[in-house]
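Asks: Take a look at the following structure, please.
What follows is calculated from the coordinates using simple rules that are stated; it is not laboratory data. On a predicted model such as this, the values are computed, not experimentally measured, just so you know. Cβ placement follows ideal geometry from the backbone for every residue including glycine, while neighbour counts extend to all protein chains displayed.
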Amino acid sequence: MRLNHDWSRNGYAYFSGGDVGRIIVFANRKGGCGKTTTAVNVAHALTAHGRVLLIDIDAQAHASIIFASGPQSTTTILEVLENKLSLTEVIKPSRIAGLDLVYATRNLGACEFAAGPDDEQALVLASQISPIQSLYDYIIIDPPPTLGILMISSLIAAQEVFIPMPMHFLAMEGLAEMMQVIYRLNASFNPALRLSGIIPTFYNQKTKIARKISAEIKANFGAGIMMPGIRNNITLAEAPAYKQTIFEYAPRSNGASDYRKLVEEGIVDTNNYSELKKEQL
Ligand SMILES: Nc1ncnc2c1ncn2[C@@H]1O[C@H](COP(=O)(O)OP(=O)(O)OP(=O)(O)O)[C@@H](O)[C@H]1O
Ligand SMILES: [Mg+2]
């Protein structure tokens, strides 16, 4: 891969105090750990705090399905990654005020197979996000669990990674793998990429195992890294069937209150984040 772009500039623009949005990716190499549920519901909750863009970059297109109304959108992230359209040309307003969408379809799978993770195509998303960063307060990316071009593109484009993970031991392996990927990208294309938080999903703080894993993470990364947890809540699994976010489907559920708390106490206002910002200035 040729290093003919200074991709770190994209990340440092934020830390230099410029009035540009935070670029956040919810990533984990483990499948089914709540990434899309988190991306969709956090994106909706963040509209109370600013303008939000949600980018679906997963061929499963689960985030897109929740927002699609009528026939699937014809222009998607695929055309951007193929250099056929710019990101601005594929941004669509959603039914939620203050939330714009970039859709994916199953066709995106072709892109994953066509390119290796070391392909220069992995830099396209970062270069396309850069010019629109000042239009949003938050840009949220929902990648697939596989470590291919789509996840790598997301991690090169982002400044912050939040890792949603269930609190069990196998999930710790996924965390270690993600940290290796972040460090590798820090040393190459994205020095600004940081782990901003670990989000316990399917969370039951009464279990011994959840408390043990949580303590282990705090010992390794510092207490500030642990975000408020998202409890196992059936309404979170039901809402997508009605093509709704949790705030539309069941605004008084535990799921809604957990995601509201995550956004207000964890994402918008993290001590961890402000410390991180100081470090960079
Ligand atoms: N806190 C929760 N309580 C109950 N069900 C949940 C919760 N979070 C997510 N789910 C459900 O678990 C399943 C997996 O969640 P989700 O699709 O968000 O995971 P993912 O990490 O995006 O998966 P993938 O790796 O396939 O992209 C979905 O059916 C979702 O509705
Ligand atoms: Mg997903």
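Asks: Would you mind checking 35/218; 35/84; 92/243; 35/243; 30/92 for any pair whose Cα atoms are more than 23 angstrom apart? All intermediate terms of the calculation are to be shown ahead of the outcome.
Replies: Values: 35/218 21 Å; 35/84 28 Å; 92/243 17 Å; 35/243 17 Å; 30/92 29 Å.
Among 35/218; 35/84; 92/243; 35/243; 30/92, the Cα-Cα distance tops 23 Å for 35/84; 30/92.
Asks: Hey, rough spin-label estimate for residue 215 and residue 237, points 7 angstrom out along Cα→Cβ, what's it come to in nanometres?
Replies: In this crude label model, residue 215 to residue 237 measures out at 3.0 nm.
Asks: If each residue's Cβ is checked for other Cβ atoms within 10 Å, how do 44, 49 rank with the fewest at the top?
Replies: Lowest to highest Cβ neighbour count: 49, 44.
Asks: What order do you get for 51, 252 when you list them from fewest to most C-beta neighbours inside 10 Å?
Replies: On the way: 51 16, 252 8.
Starting with the residue having the fewest Cβ neighbours, the order is 252, 51.
Asks: Restricting the count to DSSP beta bridges whose residues both fall in region 8-280, what percent are antiparallel, rounded to a multiple of 5?
Replies: If I count the DSSP bridges inside region 8-280, around 10 percent turn out antiparallel.
Asks: Which of 235, 201, 36 ends up with the largest GNM mean-square fluctuation for the chain, with Cα atoms connected below 10 Å?
Replies: 235
Asks: Round to the nearest 0.05 the FRET efficiency obtained for residue 207 and residue 184 when R0 = 35 Å and r is the Cβ-Cβ distance. Before the final figure, lay out the partial values.
Replies: Working: r = 33 Å, r/R0 = 0.94.
After rounding to 0.05, the efficiency reads 0.60.
Asks: Sticking with this structure for a sec: So what does the Cα-only Debye profile of region 82-209 read at q = 0.21 Å⁻¹, as log10 I(q)/I(0), no solvent term?
Replies: Each listed q corresponds, in turn, to -1.37.
Asks: Apply the a/c threshold of 1.5 to the C-alpha gyration tensor of the chain and tell me whether it is rounded, prolate or oblate. List each step's numbers first, then the result.
Replies: Details: a/c = 1.42, a/b = 1.13, b/c = 1.26.
In terms of gyration-tensor shape, rounded.
Asks: Using a Gaussian network model of the chain with C-alpha springs under 10 Å, which one of 140, 57, 91 is most mobile by mean-square fluctuation?
Replies: In this elastic network of the chain, the residue with the biggest mean-square fluctuation among 140, 57, 91 is 91.
Asks: Give the relative contact order (percent, whole number) for the chain; include only Cα pairs under 8 Å separated by 6+ residues.
Replies: Values: 515 pairs, mean separation 69.0, N = 281.
So the answer I get is 25 percent.
Asks: For a quick check, take a GNM of the chain with Cα springs below 10 Å and name the residue from 27, 239, 122 with the largest mean-square fluctuation.
Replies: With Cα springs under 10 Å in the chain, the top fluctuation among 27, 239, 122 is at 239.
Asks: While we're on this one: Could you list 181, 80 so that the one with the fewest beta carbons within 10 Å of its beta carbon is first and the one with the most is last?
Replies: Numbers: 181 18, 80 24.
Neighbour counts put them in this order, fewest first: 181, 80.
Asks: Quick one: which residues, 5 or more positions from residue 48 or on another chain, have an amide H under 5 Å from its amide H? H modelled 1.01 Å from N in the peptide plane, none for Pro or chain starts.
Replies: Excluding prolines and chain starts, which carry no amide H, there are no hits.
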